[in-house]
Amino acid sequence: MNGNSVPPADEPARQYYYMGKCQKWVQSFERRKGRRPTACIQTFGCQMNAKDSEKLLGVLLEAGFAASEDEASDFVLYNTCTVRDNANQRVYGRLGYLNRLKQKNPEMIIALCGCMMQEPSVVEKIKKSYRFVDLIFGTHNIFRLAELLYCCLEEKQMVVDIWDGTDQIVENLPARRKYPFKSGVNIMYGCNNFCSYCIVPYVRGRERSREPEDILSEIRTLAADGVVEVMLLGQNVNSYGKTLDVPMTFAELLRRVAEIDGLERIRFMTSHPKDLSDELIGVMRDCPKICRHLHLPLQSGSSRILKMMNRVYNKEQYLALVEKIKREIPDMSLTTDIIVGFPGETEEDFEETLDVVRRVRYDSAFTFIYSKRTGTPAAAMEEQVPEEVVKPRFERLLREVQQISSKVCRKDVGKTMTALVEGMDTHDGRLVTGRLGNNIMVHFPGDASDIGKLIPVMLLESKGFYYMGERLP
Ligand code: SAH
Ligand code: SF4
Ligand code: F3S
């Protein structure tokens, strides 16, 4: 690489050095074109990816790029997801569009990162058939964006940097939050559970917890900066802290987060039912800042299928857990994820899933058709369920889930709850949209000055999965 100084070996100093190098490039771009280069990040997938994108954007802004929502930008980065095949297909589809944009602007830099890039077959396919891509990196080295981008600007050929795994957690890099008033906060990375259908442990690597002090000081800084709601992020937050030098439970971490002044609401995602402790239920019950919402993925209601999925709980244990939670915290809102059509799923297995759905009465549920992920144990299982059997089951489940959630939602009409206003209503300029503690949205009269505020709202009418409301003084 060019340059007369030697890049520092330590992180994050090394990345700040490269941000400085990129700034020089940005300045010369500006002199040539009379404007700053624009950067656009498109995020696919879950909250972890959304959080990663905020970090990636922070680096680009520090380097001097101007943020843009428009893919006709000078630098475009797709932060990809590979949890189901349709996520991959969307990326391939959009790449065709990016290629056409690049033909109009040959200096455009196209970069791909995230979970999909951790699959060697994907990278091979891109190298072969999508040669207009300039930069590819994975999930373990997103902190190196500045260095990789600089390398890309210098080398003028495809730069590929994928790591198999890492035990490194690089702190103190810039980030640009999407919302001024709420933020995701990583508490752990990776996953060790290896549910047999799931590709996440392969593309995100082994479980690593952040040090509690790093998490707490990040949240203190956020709170001082006006953030009132945080979402603690991990694939299985209930196993937080087990591998730290000084272990700490997730419940204890929550207790400490709740002590932070200025912070009003705490959420977290995702809770694996197998590790949900009594201690956690106690902390949720006793701490008003923790939202009355638990996302508790079921995946299947059949004990036989759960065993094949390697979920480590059975139908009865799941139902007993739900009962315990509802007994301790009666107003707890429960949501879930369900997969239909796992290999070998029979009509009887599917009926067991419907049975759990009817008994638990979820506030809402994300339902997915099983997607075969190469390299996972389930992909090698015989008896993959044919599409013509899965589709009708999926429709039946969806109907059941929707009917129940609209009834569950109705029971709170007439109550007053606090909403955090997230933005203007997209259909009616006289209304704002707020999120209730139970994660359901409410629309009520207001204006832009309400955004980011916590406002008491009377729920007037249920529209199935959201409410119309009226603000209280
Ligand atoms: N760590 C979280 C889930 C992350 S993936 C947890 O354990 O709950 C989000 C959801 O995607 C999963 O809960 C599961 O329902 C779904 N999912 C994962 N792999 C899938 C696959 N191969 N096919 C269909 N859905 C899948
Ligand atoms: Fe995937 Fe299971 Fe890990 Fe969740 S807990 S990310 S479903 S392997
Ligand atoms: Fe997708 Fe990766 Fe999240 S595969 S669901 S973006 S962890």
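The values are calculated or read from the model by the stated rules, or taken from the named source; none is laboratory data. Here the structure is a predicted model, which is why all the values come from computation and not from measurement. Neighbour counts run over all protein chains shown; Cβ positions are idealised from the backbone, glycine included. Side chains are part of the model used for accessible areas, which takes the heavy atoms of the whole protein and leaves out ligands, DNA and RNA. Shrake-Rupley method; radii C 1.70, N 1.55, O 1.52, S 1.80 Å.
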Practice problem: Specify whether the C-alpha gyration tensor of segment 92-150 places it in the rounded, prolate or oblate class, a ≥ b ≥ c being the square roots of the eigenvalues: rounded for a/c under 1.5, otherwise prolate if a/b is larger than b/c and oblate if not. | Solution: oblate
Self-check item: Rounded to 5, percent antiparallel among DSSP beta bridges of the chain
Solution: 35 percent
Exercise. Scan around VAL432 for amide H atoms under 5 Å from its own, H built in the peptide plane at 1.01 Å from N, and keep only partners 5 or more places away or cross-chain.
Key: ASP425, PHE444, GLY446
Quiz item: When only C-alpha pairs under 8 Å and at least 6 residues apart count, what is the relative contact order of the chain, in percent?
Solution: 9 percent
Exercise. Kindly flag which residue pairs out of LYS326/LYS463; LYS51/LYS411; LYS127/LYS307; LYS33/LYS453; LYS24/LYS453 have an alpha-carbon separation exceeding 31 Å in this structure.
Key: LYS51/LYS411; LYS127/LYS307; LYS33/LYS453; LYS24/LYS453
Quiz item: Reachable aspartates and glutamates from LYS242, Cα under 17 Å, same-chain residues fewer than 8 places away excluded?
Solution: ASP167, GLU207, GLU211, GLU213, ASP214, GLU252, ASP275, ASP278, GLU279
Quiz item: At what distance in angstrom do the alpha carbon centres of segment 152-179 and segment 44-103 lie from each other?
Solution: 13 Å
Quiz item: What are the residues whose amide H is under 5 Å from the amide H of THR418, where those residues sit 5 or more places off or on another chain and H is modelled from the backbone?
Solution: GLY437, VAL457
Quiz item: Which loop GluC sites (Glu not before Pro) in segment 196-283, with loop taken from DSSP, have no more than 13 other Cβ atoms within 10 angstrom of their Cβ?
Solution: GLU259
Practice problem: Read phi for every residue in segment 139-156 and hand back ³J(HN,Hα) as whole Hz from Karplus 6.51 cos²θ - 1.76 cosθ + 1.60, θ = phi - 60°, with x for Gly and Pro. | Solution: 9, 7, 10, 5, 5, 8, 3, 4, 5, 5, 5, 4, 4, 5, 5, 7, 8, 6
Quiz prompt | Unpaired by the 4.7 Å Cβ criterion, cysteines found in the chain | solution = CYS22, CYS40, CYS46, CYS81, CYS113, CYS115, CYS151, CYS152, CYS191, CYS287, CYS291, CYS409
Practice problem: First select every other residue whose beta carbon is under 12 angstrom from the beta carbon of SER183; then total the charges, Lys and Arg +1, Asp and Glu -1. | Solution: +4
Exercise. Any of LYS55/LYS324; LYS315/LYS391; LYS125/LYS274 with alpha carbons more than 28 Å apart? Name them for me.
Key: LYS55/LYS324; LYS125/LYS274
Quiz prompt | Area accessible to solvent at HIS272, 1.4 Å probe radius, in Å² | solution = 10 Å²
Quiz item: Counting Lys and Arg as +1 and Asp and Glu as -1, what is the net charge of the other residues whose Cβ lies under 14 Å from the Cβ of ALA320?
Solution: +2
Quiz item: Hey, what's the chain come to in accessible area per residue, 1.4 Å probe, Å²?
Solution: 45 Å²
Practice problem: Determine the share of segment 166-266's accessible area contributed by carbon and sulfur atoms, expressed in whole percent, with a 1.4 angstrom probe. | Solution: 48 percent
Quiz item: Using alpha-carbon pairs under 8 Å, 6+ residues apart, how would you state the relative contact order of segment 28-103 in percent?
Solution: 36 percent
Self-check item: Stretchable slack from ASP447 to PHE366, in nm (0.36 nm times residue separation minus alpha-carbon distance)
Solution: 26.0 nm
